[in-house]
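Since the structure comes first, as structure tokens, the remarks are kept for the end.
The values are calculated or read from the model by the stated rules, or taken from the named source; none is laboratory data. Here the structure is a predicted model, which means the values were calculated and not measured. Using ideal geometry, Cβ is built from the backbone for each residue, glycine included, and neighbour counts are taken over all protein chains shown.
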Amino acid sequence: MEATWEKVSEVLREKIGGQNVDTWFQPARFRGVNDRCAVLQLPNKFFVDWIHENHYDALLESFRSICGDVSQVVLHASAGEQGELFLKPTGRDGALATPAAAPPARRSNLMPHYTFDNFVVGASNQFAHAAALAVANQPGELYNPIFIYGGVGLGKTHLINAIGHRVLGERPQLKIGYFSAEGFMNELIAAIRQSGDRMEDFKNRFRKLDVLILDDVHVLAGRERTQEEFFHTFNVLHDSRRQIVLTSDKTPKDIRDLEARLRNRFEWGLIADIQAPDIETRIAILLKKADLENLELPHDVAIFLASKFEANIRELEGALTRLGAFASLARKPITVEFAREVLKELLHEHRVQVSIELVQKVVCDQYGVRPLDIRSAKRTKNLAFARQVAMYLSRKLAAASLATVGQRFGNRDHSTVLHGIQVIETRLRSDPAFQNHLARLERLIQGEVRA
Ligand code: ADP
Ligand code: MG
């Protein structure tokens, strides 16, 4: 059993990185596979929730790759030494959890906790929040579509789910569909492959909705067939005044390779942005989240966390969750001192500045080319590829602007850099082996920093 779990952990490590495995899976006990369910015992509800939300798919895939026919992973929080195992279906993905972690029953595929009540309003999201609320109260009548854009982890998904919950609460007769654009695309592909009735089913399914919520539409970039299908869906819904809710990481104008007619429609209604939250909002979010989790979070610790995790609310919450998990494991009160200790690695990662030079060096070592050459004008295939990878990683790990990246790669202009990065992003989306390859490169670079 242990050998199996070791192998599964190895696969998982490839998928989500060593640090995540060490943090979240090191204390896990594998209890075997029973009736196609792999059972994993975890120290407490924090672990169950966290893994369920962040690593469930990777975990299931890892079990499948080692144990074959596994239909789900049961995440079980130990209640004392020999906690009883209750099985109860929960999430969309069919994951199971103990009663302690079971979210409320769902009437839709909305994320259960992403409600307006749980959303903290501050200067950074005030406008988007007000617009979302207005739409939720009068779906199809005010702003159609509503298009919310902003960076990663700033609350877009939360806000559009809140719209869904509110509409459902007030008009239970309405049909609401929440989908990631990626999911829309995958279903379309499946429908096309099977042809005939499946395509009709697909169309009907989306065109019958009263409210269509589509998350992360920027992934439709360059997907012509999906864009075309979505264009028709959009028109059918919009013509009959049914509400369309969209999010993206950029404005419609900035989504490259988006058909003009679709871009144009995205701009028909209201466009609202979400910015990074200020420190007061970050503190308020922490206190709210702690309250929801029944966690005693002293104010000075909230301030400490809010000052360390600035740019991304998901990471801020991650830090709090980790802190909660460790405090309950160690049965210690949460203090600034304790937080500093438990979050050492995360804080370290934040502090360390990966330089563009370092990225260039590691990437060049990997591909057997010279840093001198990726900064040159030469464009042999091999060099051009190494250069694009290095640009992508410089942007990601060194958080450098496009202009800075361009300048450090032989004074290339902004659009050349952007193109290079997009080539890598496109391939990443469709090529799992390449994802693994880049994850490994990232680890190498991070490792160099820590050494
Ligand atoms: P995005 O979709 O923009 O990447 P999410 O909506 O997934 O971001 O938000 C990331 C996490 O941060 C979620 O757990 C969400 O509940 C939380 N969050 C974001 N904004 C807020 C907010 N204003 N109030 C409370 N929680 C928030
Ligand atoms: Mg999102």
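Looking at (1) within 24 Å of the chain's Cα centre (by Cα); (2) of a type outside the set (A, V, I, L, M); (3) surrounded by 16 or more Cβ atoms within 10 Å (Cβ to Cβ), can you tell me which one Asp254 breaks?
The failed condition is (3).
Can you find even one residue in the stretch 196-218 that is within 26 Å of the chain's Cα centre (by Cα), within 16 Å of ligand 1 (Cβ to nearest atom) and in a helix (DSSP H, G or I)?
yes
Within the stretch 131-164, how many residues turn out to be more than 16 Å from ligand 2 (Cβ to nearest atom), part of a helix (DSSP H, G or I) and surrounded by fewer than 23 Cβ atoms within 10 Å (Cβ to Cβ)?
4
Yes/no per residue for (1) more than 13 Å from ligand 1 (Cβ to nearest atom); (2) without any contact (Cβ under 8 Å) to a residue 12 or more places away in the chain; (3) more than 30 Å from Leu316 (Cβ to Cβ):
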site: Val135; (1), (2), (3): yes, no, no
site: Pro145; (1), (2), (3): yes, no, no
site: Ile148; (1), (2), (3): no, no, no
site: Ala162; (1), (2), (3): no, no, no
site: His165; (1), (2), (3): no, no, no
site: Gly169; (1), (2), (3): yes, yes, no
site: Lys175; (1), (2), (3): yes, no, yes
site: Gln194; (1), (2), (3): yes, yes, yes
site: Leu220; (1), (2), (3): yes, no, no
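Kindly check whether there is at least one residue in the stretch 263-273 that is within 16 Å of ligand 1 (Cβ to nearest atom), crowded, with 16+ Cβ neighbours inside 10 Å and within 23 Å of Glu317 (Cα to Cα).
Filtering the stretch 263-273 for residues within 16 Å of ligand 1 (Cβ to nearest atom) gives 271-273.
Within this subset, residues satisfying the condition of being crowded, with 16+ Cβ neighbours inside 10 Å are 271-273.
Right, trim to within 23 Å of Glu317 (Cα to Cα) and you get 273.
Checked the stretch 263-273: at least one residue is within 16 Å of ligand 1 (Cβ to nearest atom), crowded, with 16+ Cβ neighbours inside 10 Å and within 23 Å of Glu317 (Cα to Cα).
Restricting attention to the stretch 124-153, and to residues there that are at pLDDT below 95 and among the aliphatic types (A, V, I, L, M), which single residue is nearest to Ser240 (Cα to Cα)?
Leu142
Any idea how many residues of the stretch 129-184 are under 22 Å from Asp239 (Cβ atoms) and basic (Lys, Arg)?
Residues in the stretch 129-184 being under 22 Å from Asp239 (Cβ atoms) and basic (Lys, Arg): 2 in total.
Could you count how many residues in the stretch 261-288 are in contact with a helix residue (DSSP H, G or I) (Cβ under 6 Å, 6 or more places away or on another chain), more than 30 Å from Gln138 (Cβ to Cβ) and not aliphatic (A, V, I, L, M)?
Looking only at that region, the number is 1.
Out of all the residues in the stretch 389-405, which are in contact with a helix residue (DSSP H, G or I) (Cβ under 9 Å, 6 or more places away or on another chain), surrounded by fewer than 14 Cβ atoms within 10 Å (Cβ to Cβ) and among the aliphatic types (A, V, I, L, M)?
Across the stretch 389-405, the qualifying residue is only Ala403.
Out of all the residues in the stretch 375-399, which are within 13 Å of Gln360 (Cα to Cα), aliphatic (A, V, I, L, M) and part of a loop (DSSP other than H, G, I, E, B)?
Passing the criteria: only Ala398.
Return the total of residues in the stretch 412-451 being of a type in the set (Lys, Arg) and over 19 Å from Glu14 (Cα atoms).
2
Just to be sure before I move on: is Ala128 under 30 Å from Ala319 (Cβ atoms), away from ligand 2 (no atom under 14 Å from the Cβ), over 18 Å from the mean Cα position of the chain (by Cα) and among the small types (Gly, Ala, Ser) in the structure I sent?
Against the criterion (under 30 Å from Ala319 (Cβ atoms), away from ligand 2 (no atom under 14 Å from the Cβ), over 18 Å from the mean Cα position of the chain (by Cα) and among the small types (Gly, Ala, Ser)), Ala128 does not qualify.
Might you let me know whether the stretch 368-388 holds any residue that is touching a His at 6+ places or on another chain (Cβ under 9 Å) and surrounded by 14 or more Cβ atoms within 10 Å (Cβ to Cβ)?
Yes, that holds for at least one residue.
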